[in-house]
Amino acid sequence: MAFSSFLVMGTLNTKAANSEPGHSPIPLEILKKNAFQSIVVGKVIDKDGMALAGVNIVEKGTTNGVTTDFDGNFEISVASDAILVFSYIGFTSIEEAVAGRSEIAITLDEGGVQLEEMIVVGSRTAPRSNTDTPLPVDVVGVKELQSTGQPTFDKALQYRIPSFNTVQTPVNDATSLLDPYEIRNMGPSRTLILINGKRKNLSALLYTQTSPGRGETGADISAIPTEAIKRVEILRDGASAQYGSDAIAGVMNIILKDSPNDGSATVRLGVTSEGDGEMFGVAINNGSSIGEDKGFVNYTVDLSKVNLANRPGTVNAAGEAADFGADIADVQEFLGRVPDAGNINGSPETAAAKFSVNFGYDLSANTELYANAAYVYKYVNSFANYRTPYWRTVEEYPYLADFFPGNNPNNPGGYDGYVPTFEGLLSDYNGTVGFRSIINDWNIDASFTTGGNTQTYKVNQTHNRNIVFSPSTFIDANGNGTVEDGELTEGSELYRENSQQSFDPGGTRFSHNVGNIDISRLLSDKVSFGIGAEFRTETFEVIEGELASYDGGGADSFAGASPQNSGKFNRYNIGGYLSLDYDVTDAFLLSGTIRTENYSDFGNTFIYKFSSRYKISDAFTLRGSLSSGFRAPTLHQIYTQKAQYSFVPGQGIQVGGLINNVSTQAKLLGIPQLDAETSNNFTIGGGGKVGKFSYTVDYYNIAVKDRIVLSTEIGPTDAGNTALDDILTNNNLSDVSFFVNAIDTKTSGVDVVLAYNNLAVGAGQLGFNLSGNYTIQNERDGAVNNPTLVEQAGQSVVNETQEALFFTSRPQTKWIFGINYDINKFGFSVNNTYFGKTKFQQQG
């Protein structure tokens, strides 16, 4: 695992006092009290005398820092007795005492990324080196992400971060628009995503199919162009006290490029070993100065297209005949010609256009205006299960011979089945504007963030197979003022042979607005103080589909959103935190944060975090943390209600219903309204350096109480006389599912990062790194909390399939081994990723 230079996750990033215009700042200094300030200028070069742009320079023990300009020059105001830390990706970090000097020349030696990098992730106070921090942090630079060759940012992280996992989900309707991801097997809802330290909006998508992440939602990190990223910081620890809801498993902070001078163009080409899934992409990143070098703008444009990759496999005839109640001879005849039953299973066809911009401008020597924005438009085309001719038969639906003619000599019109398509259009945007300033030694960061995600769908190559008639019409044909016998026209059949074959089933939309203010100050050489507040509004909308998409049961393969299941829903919350760091000695650190939040829909919460670090020697530092956390139920989970298609062995595709927790049906079933999840996190570990060898090892333990799950499909009872049976019968549903605080879980494991760098080999330097994650425990803690009616019916909201999706569908262990060789301006790397076993349990 590689470590980058100075990190800024969730901290106060204010412009250094008296910094030269045009320098791209990292966090503003917290001025040391009672220390004489002096201006230090200088230049940073490599061993060949070439200027290094973007080198991070930090006054040790503070957040005061700048970066070098395009010519390697810098200017910084520091205490006369300060020590400056110089760090840069791919070079060995050094410390240099100012010792009263006003000019300093620095030469950095090339080498592997060092463990001793200055970081501030997970803290609201001064930065610390990675072996000094009490928290485990992963850092990945843009070159490491690009070297994976993956088309999107989320897939690149899959091959760089052992505790991060994502998977593509074929034939899963809207899920194909956005693959679920997670850290430490905790689901996408429990990792908070930040961009330049500010909260990114959630996706509008709620995963409702049988796939990892079922019942959850997360931010669309695949929408962020990789070339726009400077580095990624992943805090592998619960951080709800610092950042609020969703940070139970950790926090991912995406830092955007801020260079005013550098630019790049990247072309991506690829194909699978089977010759499909062709990928083409082009990305351009560039920057420029603004207003006589008082500011910068850095922008990225990314265009990409990925073709379908299909891995359907073969189908068993006996199983098909049993599942669909079909004649075995008909099944064998079709599978003899089409062994995979016509299914298209694999990664979908996608096309995407992405844009990102990052901006900063010095309003004065102590104040910076900053902003960033991003937008993505994505088209995804996937497929439903193939409707075989022994499943959707011409005997039952004679008009299919006209709708879908084929080459089957045994059926009229050569009908040989059909495969519905599912097309999704996704747009995602986010933007932040704010300022950072120093006022009387107080560092102030105030910002406003907005963001949203919209997904609309289209279903093609299908039909509405339901029997629905238009209303009868009364006509006074003879004009005598009375409707007599024979003057009543019968309604016509709307669908089946009169059905359209393309449908607009609606979609979903989510947006949020966030206001933040963060204030910090170094009270003394030993005590750092931070305080802040956040106000957030959220809106979730289910977009109504056209009538034919839901009427009578809706389009075959994906039913649209009816008026009863559509609507716009919102809420707000306000929260605040207080943070304090105390360096008892140079070796011993104590840190604590408390936070309170109030949600308009479920009330108050209070959480805390305590962490500590004890540096025994350079070779070993002990660290640990203890924290509580929470995750508010998303608006998606509270208000989503829709018809849901699912495959039932022996019955084929059946239409079930997802009912929300505020509905009349939910009240009849005794389903309680959702409450927040709560958690307790504990980590302990250590790290250090011995010569050129560095290491960190961390144990984690996460206990979640009242975890929200989307229940399995609850069917009718044997007695057939309960409220559940009435709901199913009255709504023509085979089953119902719903969200409920159903289980407690416990998860524990170990993260390991080992590196041996800067070995002189020939004219270059060689490095080795090994990082891994091993899950010791990931399981349910105690019995399932079933609603009374479900319990009495002898059923459970969590079945074997659900358990597998929660606990064993991700690798139990994952390891990444890398070899790096740098020579002059060239770098070579070889990486291998090992994924451990996964397990999926089919119900029954």
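None of the figures in this text is laboratory data; all of them are computed from the coordinates on show. Just so it is clear, the structure is predicted and the values come from calculations on it, not from any experiment. Glycine also receives a Cβ, built like all others from the backbone with ideal geometry; neighbour counts cover every protein chain displayed.
Ranking Val704, Asn741, Phe620 by Cα position along the charge dipole of the chain, where only Lys, Arg, Asp and Glu carry charges on their C-beta atoms, puts Phe620 farthest toward the positive end.
Magnitude of the Cβ-charge dipole of the chain, K/R +1 and D/E -1, about the Cα centre, nearest 20 debye?
Details: 60 positive and 94 negative charges, 555 e Å.
Using only the charged Cβ atoms, the result is roughly 2660 debye.
When you count the other C-beta atoms within 10 angstrom of each residue and take the mean per peptide, 369-378, 266-275, 714-723, 250-259 line up highest first as 250-259, 369-378, 714-723, 266-275.
Under a point-charge model restricted to the Cβ atoms of Lys and Arg (+1) and Asp and Glu (-1), what is the dipole moment magnitude of region 743-844 relative to its Cα centre, in debye to the nearest 20? The partial results should precede the final answer.
Details: 7 positive and 8 negative charges, 82 e Å.
Using Cβ point charges on Lys, Arg, Asp and Glu, region 743-844 gives about 400 debye.
Could you tell me how many degrees, from 0 to 90 and to the nearest 10, lie between the Cα long axis of helix 328-337 and the main elongation axis, the longest principal axis, of the Cα atoms of the chain? Approximately 50 degrees, to the nearest 10. Whole-Hz Karplus values for region 140-151 come out as 10, x, 5, 5, 5, 5, 5, 5, 6, x, 7, x Hz, taken residue by residue from phi with 6.51 cos²θ - 1.76 cosθ + 1.60 and θ = phi - 60°; glycine and proline positions read x. In the chain, a dipole from Cβ-located charges (positive for Lys and Arg, negative for Asp and Glu) runs towards its positive end, and of Phe383, Thr664, Ala249 it is Ala249 whose Cα lies farthest in that direction.
About the centre of its Cα atoms, region 259-365 shows a dipole size close to 400 debye [charges on the beta carbon of Lys, Arg (+1) and Asp, Glu (-1) only; nearest 20 debye]. In region 701-844, a dipole from Cβ-located charges (positive for Lys and Arg, negative for Asp and Glu) runs towards its positive end, and of Gln792, Asn721, Gly827 it is Gly827 whose Cα lies farthest in that direction.
Go through 404-412, 623-631 and give me the packing order, highest mean Cβ count within 10 Å leading. Present the calculation step by step, with values, prior to reporting the outcome.
On the way: 404-412: 14.3, 623-631: 23.3.
Ranking, from highest mean packing down: 623-631, 404-412.
By the helix-only formula, in which each DSSP H run with n ≥ 4 contributes -39500 (n - 2.57) and the sum is divided by residues, the chain has a 222 nm mean residue ellipticity of -2000 deg cm²/dmol.
Net charge near Gly685, counting Lys/Arg +1 and Asp/Glu -1 over other residues with Cβ under 12 Å of its Cβ?
On the way: positive: Arg236, Arg613, Arg623; negative: Asp237, Asp698, Asp751.
Summing Lys/Arg as +1 and Asp/Glu as -1 gives 0.
For the listed peptides 218-226, 584-592, 527-535, a ranking on the average number of other beta carbons within 10 Å per residue, highest first, reads 218-226, 527-535, 584-592.
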